[in-house]
């Protein structure tokens with residue numbers, strides 16, 4: 001699921017390059033909320049700082065919902081948040097979406113570009129998986145096969161629904177998420 005780099009309206013930047021320039025000119029004002037140390041929101045901010053050669057003050061909260069009141073009040077000025085969690089204040093105009101953290105645009109905000117258009121190689125998202133069929137490496141094969149058959153039957157609907165909610169999904173076998181993190185692991189280790 002993509003994250004949305006969102007700013008308070010008092011931040012004059014409307015694009016990633018403008019935001020980078022603002023952060024460099026105002027390092028004392030660049031206060032970024034996140035949902036706790038080590039969270040995908042925190043890591044997206046760290047990756048952004050690393051790739052843009054900027055420094056922000058990162059403020060951890062107990063979840064992104066806890067950060068929203070301070071962001072809306074202007075006590076913090078930006079957040080990388082799940083697109084579904086931050087969309088209501090962005091759609092209402094209370095906050096401004098700058099860019100999505102995935103390499104492609106989101107179906108929820110098709111006019112907002114990916115950070116990667118300004119910072120090539122930037123790609124950070126949060127993800128989940130159906131753990132019911134992923135109990136362990138061997139798992140319950142019959143359950144996995146049943147879910148695979150059900151997924152094939154519901155494939156079209158399953159592929160279309162996440163895009164309407166702003167996320168995207170990829171099909172995979174029960175162990176596929178363990179092997180798909182390889183390139184990501186290398187990127188995060190370099191940050």
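No value in this document is a laboratory result; all are computed from the given coordinates. Because the structure is a prediction, the values reported are computed rather than measured. For neighbour counting, all protein chains shown are included, and Cβ atoms are generated from backbone atoms with ideal geometry for every residue, glycine included.
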Exercise for the section: Kindly work out what percent of the DSSP beta bridges joining two residues of region 3-117 are antiparallel, to the nearest 5. Expected result: 55 percent
Handout entry: region 99-127 residues near the modelled residue 26 label - backbone nitrogen below 17 Å, point 7 Å along Cα→Cβ
Key = 99
Handout entry: Ranked list, fewest to most other Cβ atoms within 10 Å of each Cβ, for 126, 76
Key = 126, 76
Completion exercise
Note: residue 66 to residue 37 extended length (0.36 nm per residue) minus current alpha-carbon separation gives 9.0 nm
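Can you pull a Stokes-Einstein diffusion coefficient for region 1-108 at 10 °C (1.306 mPa s), Rh from Kirkwood over Cα pairs, as a whole number of µm²/s? Walk me through the intermediate numbers first.
Working: Rh = 13.5 Å.
It diffuses with D of about 118 µm²/s by this estimate.
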